[in-house]
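All of the numbers you see were taken from the coordinates with simple rules; none came from a lab. Given the structure is predicted, the values throughout are model-derived calculations rather than measurements. Cβ: placed from backbone, ideal geometry, glycine included. Neighbour counts: every protein chain shown.
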Amino acid sequence: MFTTKRDNRVHAIDTAAQTYRVIYDAEVAQGAALRGVDNITVEEGSGDLFVAEDGDDMQVVIITPEGEGRAPFAQVTGHENSRSRGLRSAPTEHGSTSAPSVAPTATGSPTR
C-alpha cells in the first residue's frame, strides 16, 4: 500500500498476484472525507487501512481493503501548520494489532 498526495489516491500492489489497483481516489469518491493523503498503516487483523491527512482537516480515516467504508477515526485539532507522522499499529498481548496511534508533529512553517 502507498499514497500519492498530489492526486489524493491510495494504491495497492499485490506482488504475488502481480496486480495493481487504486483503492481510494478523492476525485471520484462521493463525500470524500480524505484529502491530503499521507501516512498509511494496515491493521493486520482486518486489513483496514488507516490513512492520515497532511493538511486538510488533519483526520485519520479508515478505509476497508476493498476501498469502501471510509470513516474518520481520529482528528488532530489545535495544531495549525502541523502534520501527523509515525502512524502505526501496535501489537496486543494476543498477537493481533490494535488501532494505530497518532502524534502530531509541529513545524514552524508549512510543509511541502
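For segment 23-76, the square roots of the Cα gyration tensor eigenvalues, ordered a ≥ b ≥ c, give a/c of at least 1.5 with a/b no greater than b/c, which places it in the oblate category.
Rounded to the nearest 0.05, the FRET efficiency derived from the C-beta distance between Y20 and E68 at R0 = 25 Å is 0.85. With a Förster radius of 25 Å applied to the C-beta separation of I13 and T77, the computed FRET efficiency comes to 0.15.
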